[in-house]
Structures are given as structure tokens and as C-alpha cells.
Amino acid sequence: MTAPESVPVFAVVGRVNRGKSSIIATLAEDDSIAISPLPGTTRRATTYDVALDGEVLFRLVDTPGFEDAARALAWMQRSQPSAERRPARVAELVQTFAGSDELVEECELLAPVLQGAAILYVVDGSTPFRENIMAEVEILRWTGRPRMALINRSASGEHLGDWHAALAPAFSTVRNFDAHAASFRERLQLLALFRELCEPWRGPLGRAVERLTQEQSRRLGESALAIANLVVDAVTHTIELQAGESGLDAAEQKHVEQRFLDDLRELEQRSRRYVERLYRHQRLTTESASLERPVFARDLFSERVWHSLGLSARQLVAVYSVAGATAGGTVDALVGGASFFTGTLLGAAVGGATALWQLGARAFGVTAVETLSERLRKTAAPQRRYRIGPHQHPNFPFVVLDRALLHHQAIRYRAHARNTSAALELDAAPSPARELPLGVRQRLGKLLARARKSPNADTSDLRRELAGLIESILRERDER
Ligand SMILES: Nc1nc2c(ncn2[C@@H]2O[C@H](COP(=O)(O)OP(=O)(O)OP(=O)(O)O)[C@@H](O)[C@H]2O)c(=O)[nH]1
Ligand SMILES: [Mg+2]
């Protein structure tokens, strides 16, 4: 094979509606591929490049399903070709019927195979094996191309024995591979098997495994940085505004408080979108698909979320008192000067989750501020300046962190074939922060305390340090 053709190409074939497009979506990390319960969704053979930084690692060809394999096989058998003439006979079939209105799907799906693609034959393992697929299997055998069978939807396991027994004689490998559930590791294992399928592709596919592994690791690092930035941005966020001499009335005050909380929600949304894009989940982020996003069913500031995520009251006391002792300050200073926390945090520890949640209402508010320059100028401007925030609840950063960790997990392990499924209730998962070792929680507490103490300082070192810590948390979770 010449150099440009050395890119491995796999044609994904099988009967209609068996999950061919789904398998391609997951392997190519492309959630824009049309997948539907309606048979005959894919009408034309379509090539998808699996590429990183412009380098094509391998190609996958989606194809329409076999419609009349029995007839195509009968036509080919008419000339009773010898074994070595069989691939040429398949080519004759395509030459004869291409462009006609007969055996349309068969011609379309066989063309890429005749051009040199290896074959991935997809069956649906959730249905019983039926003898009538054997015409398809026989046609694929006649092509003489390297071939592997993938049993999709194999989870129930009920019919797997029959499928494996029937396919083993015609395929060098028969694997269970669930388009909706396949993890990154399973995808890599499949690529490693592809290497065995075709000797000339060993090199390129080995490289593909290596590049994809690096990429997956890079995504984790980038996600850690995004999450660190989100947490620091969230705990330091403020709004400043001016009002007339009479100040803000109750309605204005309520409005600006609402705006403050909306800003924090928006920070979280933006960070999530960034992580989703890193993992090539594009569809989840479009407006039209908003109902299908794997969103937290519950709002960032809902009581349910604050009960199930973030640290427990006792853990908070432990984290902040140690952070305070070692930083040479008091708990009060560390939570950003909100004096009511000094005693109430301890009270909350005794009172439990609800007491802790109730602190939330007092965790931020509107304060009048006067900038130094204004004071110096002593202008008589009939204006007053106000600042809202930052949010000072000691659990706020841990709730934000927890939600970001759970969201990252859902995205990192989500198969791209699942581009139309319902929302996940991520907040029903146990809090990752509560499971962290005490030492890690305390290091987090110290970094967060530093961010809160001087919100206007250059936080780049702090962000890097926090990202490093979050990255180690993500890697540890990834190992499991
Ligand atoms: N639960 C589950 N459903 C799956 C899985 N793979 C595919 N499906 C569903 O099966 C249906 C058919 O999937 P497609 O990927 O469109 O199948 P196809 O073989 O490309 O179909 P055609 O293009 O019509 O030949 C869709 O509703 C998928 O969501 C799987 O692993 N698990
Ligand atoms: Mg399809």
C-alpha cells in the first residue's frame, strides 16, 4: 500500500438498525452522527476521520444496512466461482447493480470494503441469533477482507453464546462492544484488537492508541485547570454598582442579589461547556438540546444539593480550623471576614445539614463601599457605591467543586452514541469531596481560604496549585 493509503479504514456493516452508527459515534467521539430507532437511518456510506491535531489516526465508514443479502449472495453464487475468484465476484456484483435501483444498500456498503477497508460486522446481542443473517456473513467472507464481529447491546448476556458460536467460524475476532456503555478503555482495547486484524496497520494503530491515551490524559489536566478556575472565580466573584443618594430600595437590592446568584450559575455553566467541548460532547451544549443535557436536575443553590454535596458540617469545622491554625488566622478571617461564621459554624456542626444550609441566606449581601480614590477626591457626587458578594458560605466552594467533579466524571465516561438520552440526576451521586482524605480536604481548605482572603490579588499561582490538587483527585478517581 502507498503512503497516503496507510491510514487504516474500517467499514462498519450489518443489518439495519443494529447500532452501526452508534458504534461509529462512540469510536469517533462524534455526537453529531444520525442515530435513530427508525430502521434505514443511514442511507449513504459516509467516512468519519478519527483525527487529533489534524493527524488522521484511522477512518470509520458508516454504511446503510443489508436489505437483501440473500438475493445478492444467490446472484454471486450463480457463476460458482472458485475460492480465489470470490472477491472479484463481489466486485462484479457492485459493478452490475451500482446505480440501478436493485441491491442499492448492498452496493453502497460493499464499495468501501472493495476499496480496501477492513470489516466491522455489527449484530444486536439483545435479540436472539437468527440463521437468516448467514447470507450477510457469507458475502463478507467472500470479500476476503480482514473482519471482526462486534456484538452490540450485549449487556443482558442472554443470547451471547449463540451469537459467538455462529460468528466465530467467519470472523477472526468476535467481541462484545456496547455502543452506549463503552468506556475509553474498552475503545482502546478494541483498537488493540484491530492491530491484530491487519498486519500493515499495526504501526498506525499502535500510534493511534498512544495518541488517544495522551489526549485523554491532556483532557483530564485541562479539566482540572478549568475546575480550579471555576472554584476560584466563584469564591471571589463580586458585583459593584452605583445608586443614587437614597441608596438601593428593597426591590433593587433583591434584584441585584438575584443577579449575583445568576452570575455564579453562569460561571458554572460556562465551565461545564468548556469541559464538554474538551471531550467532544458538542450536542450537549447547544441550546436546542438543552433538555437532553446531562444536567444536574437541581439548581446550584437548592437545599437538596447543599444537603447531598459539599462537606458535612463536622468536616467543615475540621477543615477550616486547621486551615486557620496553620495560616495563623482565625476561622473568621479565613471565611472572608463574615463574623457570624465564627460561632455559627460550630453550631451548625452540632445542628447538622439543615442548620448549615440555613447559614446560606446570610452568606452574601449588599454592602456600601467607598473606594479610596473617591474618599481622597471628596467629591460631592450624589452617588453611592455598593458591592455584592463574595459568597462566603464555608461550604460554597466544596459544593461547586463537588458538582464540577461529578459533571466531569459524567462527561469523561459518556459514550458519544448517547446523544439523545434523558438528563442524568448527577446530584443523586454521593459527594466526592466528603470521600477525600482529611489531608486533601485541608489542603483544599487552605487554598480556598487564601483565595478568599485577598480576592483582588494575583491568583495565578494559587490557581495552578489548586489545579494540581484537583488533577490528582481526578486521576485517583480515574484509576478506579
Ligand atoms: N440501549 C442501547 N441502545 C442502542 C445501543 N446501540 C444502539 N442503540 C439504539 O439502537 C437504535 C439504532 O441505532 P443506530 O446506530 O441508528 O443503528 P444503525 O445500525 O446505524 O441503523 P441504520 O442506519 O438504520 O441501519 C437507536 O435507537 C440507538 O439508540 C446500545 O448499545 N444500547
Ligand atoms: Mg445508521
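Worth pointing out:
- Pro87 vs. criteria assigned by TED's automatic domain parsing to the domain that holds Arg187 and within 16 Å of ligand 2 (Cβ to nearest atom): no
- Count of the stretch 7-56 residues which are within 9 Å of ligand 2 (Cβ to nearest atom), aliphatic (A, V, I, L, M) and within 24 Å of Arg145 (Cβ to Cβ): 4
- Counting the residues of the stretch 12-37 that are near ligand 1 (Cβ under 10 Å from one of its atoms), closer than 23 Å to Leu278 by Cα and surrounded by fewer than 18 Cβ atoms within 10 Å (Cβ to Cβ) gives 1.
- Looking across the stretch 38-78 at every residue that is over 25 Å from Pro204 (Cβ atoms) and among the β-branched types (Val, Ile, Thr), the one that is surrounded by the fewest Cβ atoms within 10 Å (Cβ to Cβ) is identified as Thr41.
- For Ala51: the one exception among (1) in contact with a strand residue (DSSP E or B) (Cβ under 9 Å, 6 or more places away or on another chain); (2) in contact (Cβ under 8 Å) with a residue 12 or more places away in the chain: (2)
- When the criteria are applied in full, Ala449 fails the requirement of being at pLDDT below 85 and not in a helix (DSSP H, G or I).
- Scanning the stretch 98-107 for residues that are at negative phi and either surrounded by fewer than 18 Cβ atoms within 10 Å (Cβ to Cβ) or not assigned by TED's automatic domain parsing to the domain that holds Gly161 (or both) yields Ala98, Ser100, Asp101, Glu102, Val104.
- Of the residues making up the stretch 108-122, those that are buried (at least 17 other Cβ atoms within 10 Å of the Cβ) and not acidic (Asp, Glu) are Leu109, Leu110, Ala111, Pro112, Val113, Leu114, Ala117, Ala118, Ile119, Leu120, Tyr121, Val122.
- Taking the numbered list (1) buried (at least 18 other Cβ atoms within 10 Å of the Cβ); (2) more than 14 Å from ligand 2 (Cβ to nearest atom); (3) part of a loop (DSSP other than H, G, I, E, B) in turn, Pro81 passes all entries but (1).
- Filter pass, Ala234 being in contact with a His (Cβ under 9 Å, 6 or more places away or on another chain) and among the small types (Gly, Ala, Ser): yes
- Residue count, the stretch 123-142 (criterion: within 12 Å of Phe66 (Cα to Cα) and surrounded by 23 or more Cβ atoms within 10 Å (Cβ to Cβ)): 4
- Residue in the stretch 177-197 that is in the same structural domain as Pro128 (by TED's automatic domain parsing), farther than 13 Å from Val123 by Cα and more than 30 Å from the chain's Cα centre (by Cα) present: no
- Meets criteria (closer than 24 Å to Cys198 by Cβ and either assigned to a loop (DSSP other than H, G, I, E, B) or within 9 Å of ligand 1 (Cβ to nearest atom) (or both)) for Gly40: no
- Look at (1) more than 13 Å from ligand 2 (Cβ to nearest atom); (2) of a type in the set (A, V, I, L, M, F, W, C); (3) out of contact with any helix residue (DSSP H, G or I) (no Cβ under 9 Å at 6 or more places or on another chain); (4) more than 26 Å from Arg202 (Cβ to Cβ) and you find that Leu93 fails only one, number (3).
- Of the residues Arg59, Arg145, the single one that is of a type in the set (D, E, K, R), in contact with a strand residue (DSSP E or B) (Cβ under 8 Å, 6 or more places away or on another chain), in a strand (DSSP E or B) and more than 16 Å from ligand 2 (Cβ to nearest atom) is Arg59.
- For the stretch 452-471, taking the residues that are more than 21 Å from His393 (Cβ to Cβ) and not in a helix (DSSP H, G or I), the one that is modelled with the lowest pLDDT is identified as Ala457.
- As for the stretch 270-287, it holds at least one residue that is at pLDDT below 90, in a helix (DSSP H, G or I) and either closer than 20 Å to Leu309 by Cα or among the polar types (S, T, N, Q) (or both).
- Any hit, the stretch 162-173, residues being more than 25 Å from Arg480 (Cβ to Cβ), of a type in the set (Asp, Glu), assigned by TED's automatic domain parsing to the domain that holds Val137 and not in a strand (DSSP E or B): yes
The values are calculated or read from the model by the stated rules, or taken from the named source; none is laboratory data. Note that the structure is a prediction, hence the values are computed from the model and not measured. When we count neighbours, we look across all protein chains shown, and the Cβ atoms used for this are built from the backbone with ideal geometry, even at glycine.
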